[in-house]
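Derivation of every value follows stated rules applied to the coordinates shown; laboratory data play no part. These numbers come from a predicted model, not from an experiment. All Cβ positions, even for glycine, are placed from backbone atoms using ideal geometry, and neighbour counts span all protein chains on display.
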Amino acid sequence: MAQNITPLIAGNWKMNGLRVSLFEVEKLASHLTSGEPPRCTVALCPPATLIAAMNRIAAPAGIVVGAQDCHPAASGAHTGDLSAPMLADAGAQLVIVGHSERRTDHHETDELVRQKAQAVLAAGLTPIICVGETLAEREAGRADAVVSRQLAASVPEEAAELDVVIAYEPVWAIGTGLTPTSADIAQMHKSLRDQLVARFGAKGETIRLLYGGSLKPANAREILAIAHVNGGLVGGASLLADDLFAIISAA
């Protein structure tokens, strides 16, 4: 990981968690406050129903709370949707946009992801913008082209001035237990960094690049040591305090 970028370990709870699950947050908070402070930023992105309650436990321990999605509009007739200002009002500081599960399940386009990222920034929050290829795209030799297209079209121009985070999540590695080789991760993160620098200049050197996709305690130390990997977007392992703390410790 780049020495001048504070790593970010962000847990994505996805559609998991009830109020009883907050005991895991209490446990993580205890881990983080009972010893040496972590050398990374720690974040949890629960279902929206838990943001406010989680924040009351997490904030005193220095844990940042985020959300998993938002609508691109600040308000309006959009039944069932949540806007970035609403999420900020609940206590969120980060918002994941463009996760592959949103792109697949809800047919979200790069343009919509960009609009959501802009809405997050307009609300004073930080977007975690996800990019990543499918197995078929990788096997066809199109991984670089697909991820480059997503990066160019999903990241708004506001990233030149405001903080954004990019998460590379190969779709075929999410929740499968499979991971790319260290060389594959290094190549993709170097490509992402080069493209960000080409577009945003020196600012591109400081944008955090997270790796996601079956990141777990067993492989965290190896993956987080790869150049241009500035942290991780953690799925299933983030539901258990002990597993997430092991990944935090590896960072």
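Dipole size in debye (nearest 20) for the chain around its Cα centre, Lys and Arg Cβ +1, Asp and Glu Cβ -1?
On the way: 19 positive and 26 negative charges, 57 e Å.
In debye, rounded to 20, the chain gives about 280.
How high is the relative contact order of the chain? Use alpha-carbon pairs under 8 Å, at least six apart in sequence, and give a whole percent. Walk me through the intermediate numbers first.
Details: 502 pairs, mean separation 56.9, N = 251.
The normalised contact order for the chain reaches 23 percent.
By the gyration tensor of its Cα atoms, with a ≥ b ≥ c the square roots of the eigenvalues, what is the shape of segment 1-109: rounded for a/c under 1.5, prolate for a/b over b/c, or oblate? Kindly include the intermediate steps, with their values, before the conclusion.
Numbers: a/c = 2.03, a/b = 1.52, b/c = 1.33.
Verdict is prolate for segment 1-109.
Given the options V95, V113, L151, identify the residue whose Cα lies farthest towards the positive end of the charge dipole of segment 8-250 (+1 on Cβ of Lys, Arg; -1 on Cβ of Asp, Glu).
V95
Take each complete run of DSSP H in the chain, measure how far its Cα atoms stretch along the helix's own axis, and keep only those covering 20 Å or more with mean Kyte-Doolittle hydropathy at least -1.0; list them. List each step's numbers first, then the result.
On the way: long enough: 182-200 (26 Å, -0.28).
Span-like helices in the chain: 182-200.
Taking H placed 1.01 Å from N in the peptide plane, check which residues at least 5 places from V65 or on another chain put their amide H under 5 Å from its amide H.
It is L44, Q93, by chain and number.
Which residue, A140, A159, A119, tops the fluctuation ranking in a GNM of the chain built on C-alpha contacts under 10 Å?
Judging by the Gaussian network model, the answer is A140.
Need one number: % antiparallel among DSSP beta bridges in the chain, to the nearest 5. All intermediate terms of the calculation are to be shown ahead of the outcome.
Numbers: 0 of 28 bridges.
Among the beta bridges of the chain, antiparallel pairing accounts for roughly 0 percent.
For segment 8-250, take every pair of Cα atoms, bin their distances at 10 Å starting from 0, and report each bin as a whole percent.
Pair shares across the bins are 8, 34, 38, 18, 2.
Kindly put L210, L32 in sequence by how many other C-beta atoms sit within 10 Å of each C-beta, fewest to most. Mind dumping the intermediate values first?
Working: L210 24, L32 20.
By the 10 Å Cβ count, ascending, the order reads L32, L210.
Using a ≥ b ≥ c from the Cα gyration tensor of segment 190-247 (square roots of the eigenvalues), is it rounded, prolate or oblate, where a/c under 1.5 gives rounded and otherwise the larger of a/b and b/c decides, a/b for prolate?
Details: a/c = 3.21, a/b = 2.62, b/c = 1.22.
Note, shape of segment 190-247 comes out prolate.
Around A167, which amide H atoms from residues at least 5 apart in sequence, or from another chain, sit under 5 Å from its own amide H, with H modelled in the peptide plane?
Those qualifying (amide H under 5 Å, at least 5 residues apart or on another chain) are I129, C130, V131, L210.
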